[in-house]
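Everything below concerns the one structure shown next.
Any read-out appearing in this document is the output of simple, stated calculations on the displayed coordinates, not a laboratory observation. This one's a predicted model, so the numbers in the text were calculated from it and none came from an experiment. Positions of Cβ are generated from backbone atoms using ideal geometry, with glycine treated the same way; all protein chains shown enter the neighbour counts.
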Amino acid sequence: MTKYVVGAHINLTARSEAAAARGLSGLLDLIRGRRESAVFITLVLIFIGLSIYSEFFLTARNLANVARQISVVGIVSLGQALVIIAGGIDLSVGSIIGLSAVLAALCTAAFGSPLLGIVAALAAGTAVGLVNGLLITKVKITPFITTLGTLSVARGAALLVTNGSPVRFNNWAAWLGYGKIGVVPVQFILLIALSVVVWFFAARTRWGRNIYAVGDNARASRLAGVNVRATRTIVFVICGCLAGLGGLLLAGMLTNANPSLGLGYELDVIAAVILGGVAMSGGRGSIPGVVIGAALMGLLRNAFVLLNVSGYWQTIAIGLVLILAVGADSFRRQADDE
Amino acid sequence: MNNYTRRTVFAGLLAGTALAALPLRVAHADDVPLPKDALAFGASVAAKGKAPKPLRIAMLSYQGTAFWEAADVGIRAAAAYLKPLGTTVDYLQLGTTLTPEVMVAGLDAALAKQYGGVAAPTIFDGTVSKVNEVVAAGVPVIAFIADSAERSNRTVGMGTLAYQAGQSAGQFILKQLGGKGKIAVITGYLGAAQHNDRMNGALDLIKKQAPDIKIIGPFENKDDEAAAYAQASDAMTSNPDLSLIYVTAGGPEGAAKAVRDAGMTGKVGVVAYDDLPSRLDYKEHGEMLALVDQSPARQAFDSLVMLHNMLAFKTTYPADVTIPSRVAPGKGAKS
């Protein structure tokens, strides 16, 4: 009996070990197979490096700073990721941020209701997103040109309604931008929550599958019965709405809605999306990867200040890290193909 | 000579003298008093009188920020002041993109519309040849706010000297810190001559007079308020002994907000540029210790009135007019 039990135990142990080895090997294969793994490893290495070289990095305050700094780019990147996966691009997100911010502040001031301000910000972003979607699907203007146009229109509208001057935004709604729950910035909590929602939408719903299908092969998708126009429109609407939320959060954080808010953000957002493994050609990408991409860029900027890196080197450093992170993935894929 | 001839000659001489004296009387009229609103923002050049014939002058300026809005105040005041004096000011709005190409296009438009004089913030070296072309066409040009680093043939260059403005900021900072402490520097664009001059003007003085003061940065915020917020937050986190944040260009509100949010008001101060209404709250509350002002409204107003005087009365002005950098202290500043 004992021999049997011991034998069974040994057998179980051997099987467990084999399963664990397969599990470990499987995990490694899983990591190697993911497009965003190189970026994730870069993120981890920078995290470890900063923990060693800066005594302030792992403090609650600094981690809260980093969390806040990656939040707006991360949130807007979620929407941009859906657009790019569907085969498009949205250059207007930075301008939507500015427009939403000032409309939130102006509506709040005009009606005395921060709630209306929140609605105005989200509605503005959604409206611009809808215009983008309709121009692309109905009028058949390419996404690049459409969103280049709405980039100018939205920014101009923000400047027009404010005459170029910032508008105060200091009320309870601003708490979404500057507030904390415990030590965690509210913005970051919103980023995590929205990441889960968008991941679920993209990976677990029919709409999400349609987005990937349309991005991969729009013609085949149409023949398979997917409503390509509706799919493309919806991703721009989501992207616009999230950019509107980004504008609200920035205005809240600064308690000041400047019409130039978000200037240049489209480049940061697109970089975060690409870093996160989304293919510019469409049809591929993961939402967790986008968050990793946004986190990498935020962490780099935090690192520059913590390590007192001269501004002259910062731009070079960002470029080198991007090339390294994405290049490592390309190199590995080429090696695998061979 | 008979009486008739004598009277005729005398009458003729009298008429001739009166006619000759008329333009001289107009040309030498007393200065037209400056309006109260113009005096409030520091306008200092008064019109010499009404122009003998109608004049048209062009003001080219940018929009899109509180700074340019402040310049607009001076432009509107000058237009209202000069209108009854026979000079029409046409405001050619260049938009929000600060590039040499935009300014060159504006100068081309001013030439095409045959204005008698032009005032513009030329700023960039790429505008030099166009400015020279305008001047060569007999149209005086006043460059205000910031002139190109390469000297053009502009008639008058008006502005604060960026390096000296930096030194003013540096002097103020030294007074606040008393010779020791730590400063973080946030600059707009590392490649912008004006931002570099402001930065170096302050830092050269500080390094010379207080070598014990530590300087971290510069960090480039590209005039972005949110970037200034993030950089100020990180600088305060990684430098608990930080005393002051020096912002050389746009977005200092972000740095001041970061100080407030970190609960460091009174411990960390911000010194920046341009005394604008959007920064008043931080001055009053104590986050902003001082703002070094360029007086954009005054510069816009003075440059237009100068053009009026040049064209109407052949008044001459020095080729370089330096506007003193006014340091406007906040409530938290040590006097």
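Just to check I understand the Karplus step: with θ = phi - 60° and J = 6.51 cos²θ - 1.76 cosθ + 1.60, what whole-Hz values come out for segment B:92-103, glycine and proline as x?
The phi angles translate into 8, 7, 8, x, 9, 8, 8, 9, x, 4, 5, 5 Hz.
State, to one decimal in nm², a quarter of the convex hull surface area for the C-alpha atoms of chain B, i.e. the direction-averaged projected area.
Directional mean of the projected Cα hull area for chain B stands at 20.8 nm².
Taking the alpha-carbon centroid of each part, what is the distance from segment B:130-148 to segment B:254-324 in angstrom?
Spelled out, the Cα-based centre of one part sits 24 Å from the other.
If you take the Cα Rg of segment A:26-166 and divide it by 2.2 N^0.38 Å, with N the number of residues, what do you get?
Dividing the Cα radius of gyration by 2.2 N^0.38 Å gives 1.37.
Order these by the 10 Å Cβ neighbour count, fewest first: A:ARG206, B:ARG198, B:ARG279.
Ascending Cβ contact count within 10 Å gives the list A:ARG206, B:ARG279, B:ARG198.
So which helices of chain A fit the span-like rule, where a helix is a whole DSSP H run, its Cα atoms reach 30 Å or more along the axis, and its mean Kyte-Doolittle is at least 0.5?
Within chain A the helices that satisfy the rule are A:60-85, A:114-137, A:228-254.
Neighbour counts of other C-beta atoms within 10 Å: give me B:HIS308, B:HIS285 arranged from fewest to most. Before the final figure, lay out each step's value.
Working: B:HIS308 28, B:HIS285 16.
Final ranking by Cβ density, sparse to dense: B:HIS285, B:HIS308.
Can you grab the distance from the C-alpha centre of segment B:55-77 to the C-alpha centre of segment A:98-137, Å, no decimals?
30 Å
Which value results for Rg/Rh of the protein assembly as shown when Rg is the Cα radius of gyration and Rh the Kirkwood radius based on the inverse mean 1/r?
My calculation puts Rg/Rh at 1.11.
Per-residue mean of other chain beta-carbon atoms within 10 angstrom of the beta-carbon, peptide A:60-69?
4
May I ask you to work out the translational diffusion coefficient for segment B:130-259 at 25 °C, viscosity 0.890 mPa s, via Stokes-Einstein with Rh from the Kirkwood sum over Cα pairs, reported in whole µm²/s?
Diffusion coefficient, whole number: 154 µm²/s.
Determine how many Å³ per residue the convex hull of the Cα atoms of segment A:165-256 encloses.
In segment A:165-256, the Cα hull volume divided by residue count equals 113 Å³.
So how many Å³ per residue does the convex hull of the Cα atoms of segment B:233-335 work out to?
Enclosed volume per residue, from the Cα hull, is 115 Å³.
Once phi is turned into ³J(HN,Hα) by the Karplus curve 6.51 cos²θ - 1.76 cosθ + 1.60 with θ = phi - 60°, what whole-Hz value does each residue of segment A:175-185 show in order, with x for glycine and proline?
Result, rounded to whole Hz: 4, 4, x, 10, x, 9, 10, x, 9, 9, x.
For chain A, treating each Cα as an identical point scatterer without solvent, what Debye log10 I(q)/I(0) comes out at q = 0.06, 0.09, 0.15 1/Å?
Log10 of I(q)/I(0), two decimals: -0.25, -0.53, -1.26.
Please arrange A:CYS239, A:CYS107 by how many other C-beta atoms lie within 10 Å of their C-beta, fewest to most.
Ranked by crowding around the Cβ, least crowded first: A:CYS107, A:CYS239.
Can you quote the Å³ per residue value for the convex hull of the Cα atoms in segment A:242-329, rounded to an integer?
129 Å³
How large are Rg and Dmax for segment B:126-206 when calculated on the C-alpha trace, in angstrom?
My reading of the Cα-based Rg and Dmax gives 16.6, 55 Å.
Where is the GNM fluctuation largest for chain A (alpha-carbon springs, 10 angstrom cutoff): A:ALA272, A:ALA60, A:ALA243?
A:ALA60
Pairing the Cα long axis of helix B:162-177 with the longest principal axis of chain B, what angle in degrees results, from 0 to 90 and rounded to the nearest 10?
Its long axis makes an angle of about 40 degrees.
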